[in-house]
There are 2 protein chains.
Amino acid sequence: MITRTDAEQLDQRDPLANYRQQFALPEQTIYLDGNSLGALPKRVKQRVSETVNQQWGNDLIGSWNTHQWVNLPQIVGEKIAPVIGAAKKQVICCDSISVNLFKLLSVAIQLNGSERRPYILSSHDNFPTDLYIAQGLQQQIGSTTCRFKDVAEEQLYDAINDEVAVVMVTEVNFRSGKRLDIKALTEKAHQHGALIIVDLAHSAGVMPIELDTWNVDFAVGCTYKYLNAGPGAPAFIYVNKRWHNKAQQPIAGWFGHKSPFDFDPTYAPDSGIKQYLAGTPAIISMAAVDSALDLFADLDLQHVRTKSIQLTTLFHQLIEQHELTEQLTLLSPTDASQRGSQLSYQHPQAYGLCQALIKRGVIADFRAPSYIRFGFAPLYNRHTDVYDAVNTLCEVLDNGEHLAIEWQTRQSVT
Amino acid sequence: MITRTDAEQLDQRDPLANYRQQFALPEQTIYLDGNSLGALPKRVKQRVSETVNQQWGNDLIGSWNTHQWVNLPQIVGEKIAPVIGAAKKQVICCDSISVNLFKLLSVAIQLNGSERRPYILSSHDNFPTDLYIAQGLQQQIGSTTCRFKDVAEEQLYDAINDEVAVVMVTEVNFRSGKRLDIKALTEKAHQHGALIIVDLAHSAGVMPIELDTWNVDFAVGCTYKYLNAGPGAPAFIYVNKRWHNKAQQPIAGWFGHKSPFDFDPTYAPDSGIKQYLAGTPAIISMAAVDSALDLFADLDLQHVRTKSIQLTTLFHQLIEQHELTEQLTLLSPTDASQRGSQLSYQHPQAYGLCQALIKRGVIADFRAPSYIRFGFAPLYNRHTDVYDAVNTLCEVLDNGEHLAIEWQTRQSVT
């Protein structure tokens, strides 16, 4: 029988306990949606205000140099690099995951696509924007097909063959929270002469990642989830050094030119990671990323992973203790090592349940048609939050609050 | 003989005089670089702080709906529409000019490219990123060539012929400030069966633009110059209604899907302007755009243009009055109706001159190898600013301050 005192004791022994005070979290709220939008680090408030009021307002155009705006994509990239196991000069911050995947898929096809290798291989349960980007590219260049419709995530490994130019995979599934073995997938891809692009949206910042060691070719990732950089914050891109200067990404904007301020009419790409930049970076949003990443400077991601596993494990143990497993079907792997930092459950009234929890100050999220996701951010979620959240969940279900809400919602829609 | 009193009287009669107090401008500075980075509107401070502290910090994930984050690209687009002479549902805010040009050039080639129409036509003095994007696309799709090397801006009109799929042109040249006749270029393009894409970076917000009336096919533009939306703020895209649903832009991210929150693995583009979105928008930067645009709600752009012409005309008259025209060669058209809201001069020590002016609090900018640009933002630049700036310029030249600085700079580089 797990008690609240047990949870309190886990919090007292938590080596990450001090991180919570670095975040501006609302009172009376248990925020279990950091897998969708990370909470606001207090330092970001100050940094954004300084960027707008002093740098833009007062120092104006000169800030491109004096405040290093022009180098912000690289500066931020170098802060992300250790978080994802990358040596220097391979990571840069820019654009969105969608735009960055377009660049990388184009480069991968240039490098490895051919009549005998006509496929981008993915799975139908990958995050939709990744699949959409591959479909958009397929339509543009004609010669490549994105195979995903007949491949489920668990079949991906076996589907890698000599006809695949590039494997496109997300480490942690957005819906199920299932974590794939990127090292094994990379090995298999390389055995068959394929390249691999990994989407780290649901893993960067919440577990150790070893891109260089795993020998991954390319990666993209998101800074607004576990890296806490703000809504729609610029994404990042990783290109393994062996692919620098071997192909040209197609969105050849001036920030990717080897010397943009020469204003030469002919494009000549930078020979390194800077080539992956396109247009002028969104400085205010990127300053927030830069500041948010300082929280990771002295952080041991193994500690983060350990606490993440504790939180998800505790949550599900409490679900079992409250005998809720018949109503809530766990979609995520039961083996904690096989999942990311979220738990997804199927429930026939998942929408109503999610709304009822939000009314009670427990923020989770709903994914159509019948999933409720709980995300656990080890930097600010406590074991007692987990305990209290499951208690609230239990009360909501006991009182039928989720049913009332669903009924109201339906009524308002019809 | 023009006196400071004349300039003061012009300021007193200025119907836009009250706009200046809406901006947070530094003391003791005359900012003539709004054509590069617009000044900070005071309201933007408040809006960014609210977006970060309350919306993100307190309301967290729910803000996507409650604070309309999810609709921000369209909301901002509809505010830009009247500024560029576009009816509703044709403009959206997203990404950078570079990324947006990539989308539009791809669509234009899909619609109109063929073996008999193999060219994107531009000019070698167009802004480099526009040319780079066309070159990047050319390399990716193979079948199209960007013709620009043998075409100067003034030859563009005559170079339009039946082999051109799409004309890519910037209304106001970034270097010379020369303004092209977009209506005439559009007519000529259409006579020859070509499409036209217009870059409004240096014109949006500083002069009336009539995209619908001129019958332009596509446009992109920048919000961080005369629209004052902050460094690297998201750009905009205009697609004339007749081209909606006729082609698919290639960067097919989830925000361009007709129903992104269904999470369907198959891409199905939105039938309207929303298709031109790619990934998740950078909300903090875009909130700044949204707020900055409120300054344009009740603004008559004809007043802005009239004042813009007065400012550039006064500046050059004062240059003449001080007998500086032998040292400073005007690169911009002498006929004010033929130019945008900037004046560019050639000077052998342009770099030193620019730095010496900045030291004295007059902010202009330098473009290699020997140009100095003065940008005039009618919403916050006064006639007295122009008077004082030319006085300072005269003093700098008289004292040889620009020579001293150039020497120091050279020394520090070697």
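Any read-out appearing in this document is the output of simple, stated calculations on the displayed coordinates, not a laboratory observation. Bear in mind the structure is a predicted one, so any value in this text is a computation, not a measurement. Glycine also receives a Cβ, built like all others from the backbone with ideal geometry; neighbour counts cover every protein chain displayed.
Brief remarks follow.
- Legend: translational diffusion of the stretch A:136-217 by Stokes-Einstein, Rh = Kirkwood radius over C-alpha pairs, 25 °C, 0.890 mPa s; D = 181 µm²/s.
- Relative contact order of chain B, taken over Cα pairs closer than 8 Å and 6 or more residues apart, is 22 percent.
- Per residue of peptide A:136-142, the mean number of Cβ atoms on other chains within 10 Å of the residue Cβ is 6.
- Counting only DSSP beta bridges whose two residues both lie in chain A, roughly 60 percent are antiparallel.
- Pairwise Cα distances in the stretch A:208-312 exceed 18 Å in 62 percent of cases.
- Sorted shortest first, the separations between the B:T334 label point and its copies elsewhere in the assembly read 8.8 nm; each point sits 7 Å from Cα along the Cα-to-Cβ line.
- Nonlocal amide H pairs with B:S123, under 5 Å, H built at 1.01 Å: none
- Helix B:182-191 axis, angle to chain B major axis (alpha carbon atoms, nearest 10°): 40 degrees
- Nearest 10 degrees, 0 to 90: helix A:283-293 Cα axis against chain A principal axis: 60 degrees
- A protection proxy built from the mean count of other Cβ atoms within 10 Å ranks the segments A:265-274, A:365-374, most packed first, as A:365-374, A:265-274.
- Number of partner chain Cβ atoms within 10 Å, mean per residue of B:46-59: 5
- Annotation note: GluC sites (Glu not before Pro) in the stretch B:317-414 located in DSSP loop regions with a Cβ neighbour count of at most 14 within 10 Å are B:E323, B:E326.
- Coordinate range along principal axes, alpha carbons of the stretch A:287-414, Å, largest first: 50, 37, 24
- Peptide B:120-133 has a mean shielding of 5, counted as Cβ atoms of other protein chains within 10 Å of each residue's Cβ.
- Measure of compaction for the stretch B:46-296 (Cα Rg per 2.2 N^0.38 Å): 1.01
- Counting only alpha carbon atoms, the long axis of helix B:350-359 and the longest principal axis of chain B meet at about 80°.
- Computed P(r) (all Cα pairs; the stretch B:307-381; 10 Å bins; percent): 19, 54, 26, 1
- The 3J(HN,Hα) values that the Karplus relation (6.51, -1.76, 1.60; θ = phi - 60°) gives for the stretch B:14-28 are, in residue order, 6, x, 9, 3, 6, 5, 4, 6, 7, 10, 8, 9, x, 5, 6 Hz. Gly and Pro appear as x.
- If both residues of a DSSP beta bridge must be in the stretch B:172-328, then about 60% of such bridges are antiparallel.
- Out-of-range pairs (alpha-carbon distance over 26 Å; input B:K225/B:K307; A:K42/A:K241; B:K225/B:K274): A:K42/A:K241
- Near A:V216, once Lys and Arg are set to +1 and Asp and Glu to -1 for all other residues with Cβ below 13 Å from its Cβ, the sum equals -3.
- Built amide H within the under 5 Å cut-off of B:T170, gap 5+: B:D199
- Residue-averaged 222 nm ellipticity for chain A, from DSSP H runs of 4+ at -39500 (n - 2.57), nearest 500: -11000 deg cm²/dmol
- The stretch B:207-263 and the stretch B:28-86 have Cα centres lying 17 Å from one another.
- Restricting the stretch B:73-136 to trypsin sites (Lys or Arg not before Pro) in coil, as DSSP defines it, with at most 10 other Cβ within 10 Å: B:R116
- For the residue pairs A:K149/A:K183; A:K178/B:K103; B:K79/B:K178, the C-alpha atoms sit more than 29 angstrom apart in A:K178/B:K103.
- For the protein assembly as shown, a Kirkwood radius taken over Cα pairs fed into Stokes-Einstein (10 °C, viscosity 1.306 mPa s) yields D = 57 µm²/s.
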